[in-house]
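The values are calculated or read from the model by the stated rules, or taken from the named source; none is laboratory data. This is a predicted model, so every value here is computed, not measured. As a convention, Cβ positions derive from the backbone with ideal geometry for all residues, glycine included, and neighbour counts pool all protein chains shown. Quick note on the areas: whole protein, heavy atoms, side chains included, nothing else; ligands and nucleic acids left out. Shrake-Rupley method; radii C 1.70, N 1.55, O 1.52, S 1.80 Å.
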Amino acid sequence: MMPAESWRTLLQRWLPVVLWVGLIFYFSTQSFTFSNTEGFFSEWLSWLLPEVAPGEFLPFHPVLRKVGHWFEYFTLAILLMRAQRRGNEPKLTTGAIGRTLGLVLAYAASDEYHQSWVPERTASVVDVAIDTFGGLCGVFWICLRYRRRGGT
């Protein structure tokens, strides 16, 4: 049986991962189809850049959606790397990096499979690649931070 402190630590490390994965799953629902996000992005960008006509934002909508894919998995990789740390280890392990990239790829593929069952959504190998690249960038960013701190 694990002491209460261990459960608390486990929860602190893995709850953000579970919540983020849940958010990614929610983003894969009917609520976030291309047609549903088009108005949101136009309103948001119109607020940010009021001098630009809303119609001029339309070409950027697909780009913003792809950047969103990248960001979701960039963040997921960071959370996964954080969750796998043991205490105050000064170095990253290749095992943690490999597990993180494997989990990012597996979740990206399963997320696209989920989208194939959602009306107005499609599964895309390109999105899996963008998601995985986002995860790879997240791992790379964590590695750079560790190196800057003097870890290996």
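For the chain, find the longest principal axis of its Cα atoms and tell me its angle to the long axis of helix 4-27, 0 to 90°, nearest 10.
20 degrees
Calculate for the chain the 222 nm mean residue ellipticity that helices alone would give, adding -39,500 (n - 2.57) per DSSP H run of length 4 or more and normalising by residue count, nearest 500 deg cm²/dmol.
Numbers: 5 runs with 110 residues, N = 152.
Result for the chain: -25000 deg cm²/dmol, rounded to the nearest 500.
Using Cα pairs closer than 8 Å and at least 6 residues apart in sequence, work out the relative contact order for the range 58-152, in percent.
On the way: 96 pairs, mean separation 42.6, N = 95.
It comes to 45 percent, rounded to a whole number.
Specify the angular offset, from 0 to 90 degrees and rounded to the nearest 10, of the alpha carbon long axis of helix 125-148 from the longest principal axis of the alpha carbons in the chain.
40 degrees
Can you give the local net charge around A109? Use residues other than it whose beta-carbon is closer than 12 angstrom to its beta-carbon, Lys and Arg +1, Asp and Glu -1. If you can, show how the numbers build up before the last one.
On the way: positive: none; negative: D111, E112, D127, D131.
Local charge sum for A109: -4.
Go through (1) 30; (2) 44; (3) 36 and flag the label whose value is the computed percent of Cα pairs over 24 Å apart for this structure.
(2)
How big is the gap, in Å, between the Cα center of the range 115-145 and the Cα center of the range 46-63?
24 Å
Which angle from 0 to 90°, rounded to the nearest 10, does the C-alpha axis of helix 61-84 make with the longest principal axis of the chain?
Roughly 10 degrees between the two axes.
Let me check something: with ligands and nucleic acids excluded, how do I24, I78 order by accessible area (1.4 Å probe), largest to smallest?
Working: I24 0, I78 35 Å².
Reading off the accessible areas and sorting them downward yields I78, I24.
How much net charge surrounds W20 when only the other residues with a Cβ under 14 Å from the Cβ of W20 are counted, with Lys and Arg +1 and Asp and Glu -1? Spell out each step's value before the answer.
Working: positive: R13, R82; negative: E72, D111, D131.
Net of charged neighbours comes to -1.
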